[in-house]
Amino acid sequence: LLQLYLPLGFLGFVYREIRHSLADMERMFSLLEQSEDVKDLPDAADLQLKGGNVRFDNVNFGYDSDRKILKNISFEVAAGQKLAIVGASGSGKSTLVRLLFRFYAPTSGRIYIDGQNLANVSQHSVRRAIAVVPQDTVLFNDTLFHNIHYGNPQASEQQVYAAARQAQLHRFIEQLPQGYQTLVGERGLKLSGGEKQRVAIARALLKNPSILVFDEATSALDSHAEQAIVHELQQLSSNKTTLVIAHRLSTITDADQILVMDQGRIIEAGSHEQLLASQGRYFEMWTLQLAENNGEQN
Ligand code: ATP
């Protein structure tokens, strides 16, 4: 029996390892939706993390040589701070994040994490440092436990529960007849958009990265759900450098810095209060969203 058990156990291990790497890829691509384009230098060192300071220094980028997408992008996020990026659809928000992941290299300019130029460090070490909560989380046809555990294959069972608790999922899961063993995905229990995003949050918490990217869902939410997002973001982002691609300005009023993008440029930067006071594009967007919210309530 032992002889039979051991190989089976080993196969299970291999199977899980493969699933984990697939999950990693899936998670990247669901946010980034891009193929890999950048190769490591032969002597690329691993990124040495010191808290997660992120700096873009005059970055320019285009997917094709005849069309510039990012133009003269410069900003810095201190370790542990929260940066929000807002702007119309197509203004370049996701592209900026793809460059941070080193899915693409800037055409000119440099990107640094903790003072190290990303062009010189290994991709895998960059991606290990960053966790993403994508807009649409894909769940695997597997148990809730394993769907969360994907975040960090090394995590213990207790750490999975702790992450689920922090992501406000634990109580929901415990009420299910099969708890953490409930099958989800296409063939299992269907989760709501918010529940799926909380699975992504639990995965990100388990990964415990220095840098967190939160890609806020564009779908309309009631104000209760919006408050839940604010709360979850706060949970997630404590002690982490956080970049939020935001669509609802009310979720980012506490950001240390907000970048307003338009056609590949940063046209305004500052805190919520500063940007309101300057009465520019952010002020316009804020006024519009307030009017929309009031419209919904009437
Ligand atoms: P949204 O809010 O709609 O997600 P965004 O601000 O994130 O938009 P990006 O996805 O960064 O915008 O896109 C910026 C521009 O780059 C768009 O004009 C888009 O068409 C273009 N673009 C995005 N991905 C590619 C690609 N793989 N190849 C060529 N052009 C691309």
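Read-outs: derived from the displayed coordinates by stated rules, not from any lab. What you see is a predicted model, and the numbers here were worked out from it, not measured in a lab. We place every Cβ from the backbone using ideal geometry, glycine too, and count neighbours over all the protein chains shown.
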Extending each Cα 7 Å along its Cβ direction at Ser250 and Gln227, get the distance between those two points in nm, one decimal. 1.0 nm
So, how do all the Cα-to-Cα distances of region 173-298 break down into 10 Å bins, in percent, from 0 on up? 10, 35, 33, 15, 6, 0
Label-point separation in nm, Phe283 to Glu157, each point 7 Å along Cα→Cβ: 5.9 nm
Looking at Ala291, Leu276, Leu243, which one has the Cα that reaches farthest to the positive end of the dipole of region 243-298 (charges on Cβ: Lys, Arg +1; Asp, Glu -1)? Leu243
Taking Lys and Arg as +1 and Asp and Glu as -1, residues besides Val54 with C-beta under 13 Å from its C-beta add up to +2
Could you sort 61-71, 250-260 so that the peptide with the highest average Cβ count within 10 Å comes first and the rest follow in order? 250-260, 61-71
Sequence order, region 205-212: Karplus ³J(HN,Hα) from phi using 6.51 cos²θ - 1.76 cosθ + 1.60, θ = phi - 60°, Hz rounded, Gly and Pro as x, gives 4, 5, 6, 6, x, 7, 10, 10
Compute the Cα gyration tensor for region 91-169, then decide on rounded, prolate or oblate, letting a ≥ b ≥ c be the square roots of its eigenvalues: rounded whenever a/c is under 1.5, prolate when a/b is larger than b/c in the other cases, and oblate in all that remain. prolate
If packing is taken as the average number of other Cβ atoms within 10 Å across a peptide's residues, how do 46-53, 149-156 rank, most packed first? 149-156, 46-53
For region 264-269, in residue order, the Karplus 3J(HN,Hα) values (coefficients 6.51, -1.76, 1.60; θ = phi - 60°; whole Hz; Gly and Pro = x) are x, 10, 8, 9, 8, 8
Cleavage-rule hits (trypsin sites (Lys or Arg not before Pro)) in region 189-298: DSSP loop, at most 15 neighbouring Cβ within 10 angstrom: Lys190
What length, rounded to one decimal in nm, is gained on full extension from Asn120 through to Arg67, with 0.36 nm per residue of separation minus their alpha-carbon distance? 16.5 nm
Over the alpha carbons of region 122-219, what is the largest minus smallest coordinate on each principal axis, giving the biggest first in Å? 43, 34, 22
Stokes-Einstein at 20 °C, 1.002 mPa s, Kirkwood radius from Cα pairs: D for region 47-204 in µm² s⁻¹? 121 µm²/s
Hey, can you rank 126-132, 286-292 by average C-beta count inside 10 Å, highest first? 126-132, 286-292
Links that overshoot a 26 Å alpha carbon limit, given the list Lys68/Lys207; Lys93/Lys196; Lys190/Lys240; Lys196/Lys240: Lys68/Lys207; Lys190/Lys240
